[in-house]
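Written out below as structure tokens is the structure these notes cover.
Each value in this text was obtained by applying a stated rule to the coordinates, not by laboratory testing. Here the structure is a predicted model, which is why all the values come from computation and not from measurement. No Cβ is skipped: glycine too gets one built from the backbone with ideal geometry, and neighbour counts run over all protein chains shown.
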Amino acid sequence: MPVAVLERTAACDITAADRDSRHPGVGVKVQPPPAAPGDTDLVARLRAGDAAAFAHIVRAWSPAMIHVARYFVGSHASAEEAVQETWLAVIRGIDGFEGRSSLRTWVFHVLSNIARRQGVKESRTVLSSPVDGEDAGPTVDPARFRPAGDQWAGGWRAEAAPRSWGPEAAALNSEVRALLTAALAQLPDRQRVVIELRDVGGLPAGEVCAILDLSPANQRVLLHRARAKLRERLEGYFTGREQG
Amino acid sequence: MTIEPLPCVDVVELLTDYLEGALDPATSARIDAHLAQCPPCVTYLEQLRTTVNDLGSLPAQTLSDSAIAELEAAFGDFHRPPAS
């Protein structure tokens, strides 16, 4: 069967059934964040050609934009290209911005369109259906817990319980940085973009939901799965535990 | 009032929701009760936090200086008043 080029926004969503089975009753409709205070002023300055205002948002927003672009395209270089193209579109299009969302949400919307188009041109495909195994199932190896029927069923088995990483883990060395960077690159696309925006980029949950068109519950599922995998990689590094 | 215990295997799946404050108060209380008497799950939670902190200190990838300079020049060109 040929691999379909899925609409990436649709691929962003875990089905309602999957979501509801995990988080009954917490599937909330995404509300785009309201225009930030100062947005009107910022827009006015950009329209008036204020170079400092433009330089400020380019520097402040481009790192998160690269993460988002990288979700749609196949390489870092290609993601940079999409971000540059987006800023050029913003320069030309700021007069047409109607202020129905925050400026930032609008810029990310422009970026998504540009990067998605670029991804299609590169024939980058989503290899799995929107509901895939990587977004379901336990995040910790079930063999580490006592089996059903045991007096302490579901508790950590003594020999498999997490152990302290020791003082070494307190300081982030270059080896750990390299390990985390490599582990991020290996995450499934949706998990990677969510954890990059939340934990690397420090964006608030609501903004990540708006940018990626995710429900808050789905955003947390993807974030948790990504965090659990990276924790496991660090555990392997600090304690020498075999990776499953 | 007794709180129905939550096994470790379930606790580890709820910790991001717990950290995000996304759990209902009853479930959150069950996690608190579990953590109060389960050192391995406390260790797991701490390690999850360490992971998040470590990610936050990774260097940000951004546009190259030359790309930013090009954009600033493009912005200047766009807003330069037409010569009269």
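Things worth noting here:
- Between the amide H of A:PHE145 and those of A:ARG157, distances stay under 5 Å, these residues lying 5 or more places away or on another chain, with hydrogens modeled in the peptide plane.
- Applying Stokes-Einstein at 37 °C and 0.692 mPa s to the Kirkwood radius of the range B:1-57, computed over alpha-carbon pairs, gives a translational diffusion coefficient of 277 µm² s⁻¹.
- A simple count of charges around A:ALA44, restricted to other residues whose Cβ falls under 15 Å of its Cβ and scoring Lys, Arg +1 and Asp, Glu -1, yields -3.
- Approximate shape of the range A:182-238 as ellipsoid semi-axes (Cα gyration tensor, √5λ), whole Å, largest first: 21, 10, 9
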